[in-house]
Amino acid sequence: MKMRTAVLAACLALACPALAVAQDSDTEKAIEKYRQMMKEDPWSNPGLLDADRGEALWKTPRGPNKVSLETCDLGKGPGKVDGAFAELPRYFADAGKVMDLETRLLWCQEKIQGFQHADLIKNPHPGGGQPVKDTGAIATWVANKSSGMKFSAKLDKPQEKEMVALGEALFNRRSGPFDFACTTCHAEAGKRIRLQPLAHLAAPAGAKAVMGEWPAYRVSSTNVMTMQHRLVDCYWQMRLPAPEMGSELTVALISYLTKNAEGGEIAAPGLKR
Amino acid sequence: MKIITIAAAALLAFGTGSAIAQQKKAKAEKKVTVSAAKVDAVIKAGLPAFPAPPEEWQPRLTPDDTMKVCAATHNSPPKAQFQAIEKAEKAKIQYPADNNYMGDWKKGERIAQSGYGLRFTDYPARNPNGGNCYACHQLTQAEVSYGTIGPSLLGYGKLRDFKDSEVKAAYEKIYDSHASFPCSLMPRFGTNKVLSMDQIKDLVALLMAKDSPVNK
């Protein structure tokens, strides 16, 4: 508040636009420095605690069937977790569907552990200050096991190609009282909403720069947010209903974004404002 | 002669082979398209109407004719469609009966700051809807937290010599941006009933009043 008053006072005295720009870049620099420090100390990201919890959840017998998820096939064979996230989304013949990581984890918890689908997708994301839910924690761990690798989902099967095309159509679709689409915020480089820089997700350079950071620990909400949860935030802002976790809509958008991010490095969990 | 024939035959064979390879490649890279019906079905299944009554939320899922054109042309409609949108949207604008477009800039500033309204956590409504202008535009020197999706509006009225015609034009732009800029990224605040006529007048005052901080 004090700083804001100081900035205001300075604005009155000086040419403000120049000052505002200087302040923006200072804020950006400070956040970047914070991120850099976090990267230099790989154990400082609080999201890693959720990754640890996710690993324990994966290995612990749970659900009505009292079995662990260690037979879950994330695409590279039952129980194979290393590098699995880097190749998702993909088509799974056993489910007859294209799935992203979180949707696949829902499927495994349902089919292997006997959880009810409706229970898993009811309130699936944490509120501010609450820890990420179980599925999200497992996703954080699985994504972390691809950290340092590059996005390399093939997305070349007909079902996968259709999903990417569907995602692109959804990304461009404008509707609702604000006439918003994903492209309203994410179709141009170098734009901001308030002071927050926006990712140019429609282009490979922009998508590669950010997609590998999800799931991410969000400093503002003090919890890990997964990509499925991040999409809910976008739809909230677009004045549309919340997307259902694991719905075709979410898988299509994630497929499209991951295709754009092909070759981008995975550094999950990332760290966000 | 023989050598030439062989060479020609080889060339022909090679050429044909290459053409087939190219055709195969073209087939492989052929863009997959998804039908509009499929997209609609995925939207309806993926976005369950919640938490307000379906009669308010259901229409949000379907783009109107203008939005269909904008999405299909990546917001750059060709001339004929551009003009058609301009005309159609202009017809949707409702004007104050007394032709007074200027409200209170102080109220306008509050509307410009507020992003409240119509999000799924905003039910039942606790506040009036905001315009969230600062999310995309610079408006006043005092507010340094502004976005850059839209152009800076600093000095908006001053730059237009506070003309009456510009007052009306500002009202029209806020009421229905597509009447001035077809496939603009800006919401149609009046047409889509996000803001009331009085709220739009307050925003016009924020832009056009001589004593508004926008023009200081």
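Nothing in this text is a laboratory measurement; each read-out follows from the coordinates by a stated rule. Everything numeric in this text was worked out from a predicted model, so none of it was measured. Cβ atoms come from the backbone with ideal geometry, glycine included; neighbour counts cover every protein chain shown.
Here are a few things to note about the model shown:
- FRET efficiency estimate (nearest 0.05) - Cβ-Cβ, B:Lys158 to B:Asp198, R0 25 angstrom: 0.55
- Mean separation of Cα contacts under 8 Å, 6 or more apart, over the residue count of the stretch A:121-238: relative contact order %: 26 percent
- Peptide B:187-194 - average C-beta neighbours from other chains (10 Å radius): 3
- Modelled label positions at B:Ser165 and A:Ala203, each set 7 Å beyond Cα in the direction of Cβ, lie 3.8 nm from each other.
- Amide H contacts under 5 Å for A:Phe92: A:Lys97, A:Val98, A:Met99, restricted to partners 5 or more places along the chain or on a different chain, H placed in the peptide plane at 1.01 Å from N.
- Efficiency of FRET from Cβ geometry, B:Asp64 and B:Gln94, R₀ 25 Å, rounded to 0.05: 0.90
- Of all the options A:Trp141, A:Trp236, A:Trp107, the one that moves most in a Gaussian network model of chain A with Cα springs shorter than 10 angstrom is A:Trp236.
- The per residue volume of the convex hull around the alpha-carbon atoms of the protein assembly as shown is 214 Å³.
- When the Gaussian network model of chain A links Cα atoms closer than 10 Å, the mean-square fluctuations of A:Ile193, A:Ile112, A:Ile138 top out at A:Ile193.
- Most mobile of A:Lys259, A:Lys150, A:Lys59 in a GNM of chain A (Cα contacts under 10 Å): A:Lys59
- The alpha-carbon positions of the stretch B:91-143 define a convex hull whose volume is 151 Å³ per residue.
- Taking amide hydrogens as placed 1.01 Å from N in the peptide plane, the amide H of A:Lys272 sits under 5 Å from those of A:Tyr217, A:Arg218, A:Val219, each at least 5 positions away in sequence or on another chain.
- Computed over the stretch B:70-190, the quotient of the alpha carbon radius of gyration and 2.2 N^0.38 Å is 1.15.
- Rh by Kirkwood over Cα pairs, then Stokes-Einstein D for chain A at 0.890 mPa s and 25 °C, µm²/s: 124 µm²/s
- Sorting B:Ser145, B:Ser165 from the fewest to the most surrounding beta carbons within 10 angstrom yields B:Ser165, B:Ser145.
- Averaged over the residues of B:126-133, the number of partner chain Cβ atoms lying within 10 Å of the residue Cβ comes to 1.
- For the stretch A:74-149, the spherically averaged projection of the C-alpha convex hull amounts to 5.5 nm².
- Going by neighbour counts of Cβ atoms within 10 Å, the residues A:Phe178, A:Phe85 line up, fewest first, as A:Phe178, A:Phe85.
- Share of Cα-Cα pairs in the stretch A:120-208 lying beyond 22 Å, as whole percent: 56 percent
- Of the residues A:Ala207, B:Trp105, B:Pro54, the one whose Cα sits farthest toward the positive end of the charge dipole of the protein assembly as shown, with +1 on the Cβ of Lys and Arg and -1 on the Cβ of Asp and Glu, is A:Ala207.
- Computed FRET value (nearest 0.05) for B:Thr33 with B:Lys87, which takes r as the C-beta separation and R₀ as 30 Å: 0.50
- Checking the cross-link pairs A:Lys76/A:Lys145; A:Lys259/B:Lys31; A:Lys111/A:Lys161; A:Lys157/B:Lys44; B:Lys92/B:Lys168; A:Lys154/A:Lys259 against a 18 Å limit on the alpha carbon distance flags A:Lys111/A:Lys161; A:Lys157/B:Lys44 as lying beyond it.
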